[in-house]
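K.L.:
Here it is: the structure, laid out below.
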Amino acid sequence: MNLDELNSANVSKDEIINDSSDNSNIDSESATSPDSEINASTASINDNDSTNAEGSGPDDEVDQKKDKMGSDDSLVNSTDSDSDSITDDDDQNLEDPNNLEKMILSTGIRVGTPIKTKFMNSFITRANPEGLYILDISKTLARIDVAAKFIGRTNIANVAVTSAREYGKTPIEKFCELTGARGIFGRFMPGTFTNPSLPKYMEPEIVIVTDPQADEQAVLEATRAGVPVIALSNSDNITSKVDLVIPSNNRGRKALATVYWLLTKEVLKKQGKIKSDSDMPLAIDDFEAKLVEELI
């Protein structure tokens, strides 16, 4: 798939915030009126999201399948094992859309969990023989492009990025290094977005989280402060307080590196710092968190 074809989408801040209408239980303080100038590509995304929404709550389905789900570590190992086939040749042929798509798929970016929620149902295409739900990669790429447009219209210094997951820390470090966004590393201190008396208090215009559940405190505070939230969300995530969902595997090392690499690339294009994929100063491997044994 050619990523540049998605750049024609013209998305405003109001449109992104209204993306939360995909979620049936979203807070009323996060919803606003849709922009009259919304274009066909973003409308298509929203239509697809709403048509497949399920009527049952996530708690029932999670309870029914909880016993079938292993630990996060087992899911990481499963998805990471699918992503060992990345080669140097893929990085050297980024201009070829077919090569880029193969490289992206090889990282396990679309491999979900054995659990799905009604919030993520519209982003799921099928279940594989192992019982893992497979996310729609075309929607992932489309949402990355929409997120990049939204971020590109904001002062990048006012974009906060955080990850409670260990494998998400290196990707957001690289994202912040290249784009100029503000990273929140380590434990998210309660009150960071709501308590002006704290030394690390900030007033972001956009908050990006790696997992709506693991980064729940950041999501809650951003919602209270009226700040739009962009979240990498897996098949089992509850996204009622998320304004823009980027459906993806948010547990695997290579998958997280790939998502943040793609988002960084599109943001840099919107900033005018690069013109093509081959101009990216860092490769996907540079965004990947290293295992302890690799550092010894």
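Read-outs throughout are calculated quantities, based only on the coordinates presented, and are distinct from any laboratory measurement. Treat the numbers as computed from the prediction; the structure is a model and nothing was measured. Note that each Cβ is placed from the backbone with ideal geometry, even for glycine, and that neighbours are counted across all protein chains shown.
K.L.:
Please work out whether the range 142-196 counts as rounded, prolate or oblate from its C-alpha gyration tensor, where a ≥ b ≥ c are the square roots of the eigenvalues and a/c under 1.5 means rounded, while otherwise a/b larger than b/c means prolate and anything else oblate? Kindly include the intermediate steps, with their values, before the conclusion.
P.N.:
On the way: a/c = 1.90, a/b = 1.31, b/c = 1.45.
It comes out oblate by the Cα gyration axes.
K.L.:
Let me ask something else. Going through the range 148-196, which trypsin sites (Lys or Arg not before Pro) have at most 12 other Cβ atoms within 10 Å and a DSSP loop state?
P.N.:
Details: sites: K149, R153, R165, K169, K174, R182, R187; in loops: R153, R165, R187.
For trypsin sites (Lys or Arg not before Pro) across the range 148-196 that sit outside H, G, I, E and B with at most 12 neighbouring Cβ atoms in 10 Å, the list reads R187.
K.L.:
Next up: Beyond 25 Å between alpha-carbons counts as too far, so tell me which of K139/K290; K116/K290; K174/K200 fall in that bin.
P.N.:
Working: K139/K290 28 Å; K116/K290 29 Å; K174/K200 21 Å.
Checking Cα-Cα distances, K139/K290; K116/K290 exceed 25 Å.
K.L.:
Order of 259-271, 125-137 by packing, highest average Cβ count within 10 Å first? Numbers along the way, then the final one.
P.N.:
Numbers: 259-271: 23.2, 125-137: 14.8.
My ranking of the peptides, most packed first, is 259-271, 125-137.
K.L.:
So, one more: From largest to smallest, what semi-axes in whole angstrom does the range 109-266 give when each is the square root of 5 times an eigenvalue of its alpha carbon gyration tensor? Each step should come with its number before you reach the end.
P.N.:
Details: eigenvalues 130, 53, 39 Å².
Square roots of five times the eigenvalues give 26, 16, 14 Å.
K.L.:
What order do you get for 242-251, 110-119 when each peptide is scored by the mean count of other beta carbon atoms within 10 Å, highest first? Write down the numbers at each step before the final one.
P.N.:
On the way: 242-251: 28.3, 110-119: 23.8.
So the order, starting with the most tightly packed, is 242-251, 110-119.
K.L.:
Give me the extension gain from N155 to L105: residue separation times 0.36 nm, minus the current Cα-Cα distance, reported in nm with one decimal. Intermediate results must be reported in sequence, preceding the final value.
P.N.:
Working: separation 50, 0.36 × 50 = 18.00 nm, distance 3.17 nm.
Taking N155 through L105 to full extension adds about 14.8 nm, to one decimal.
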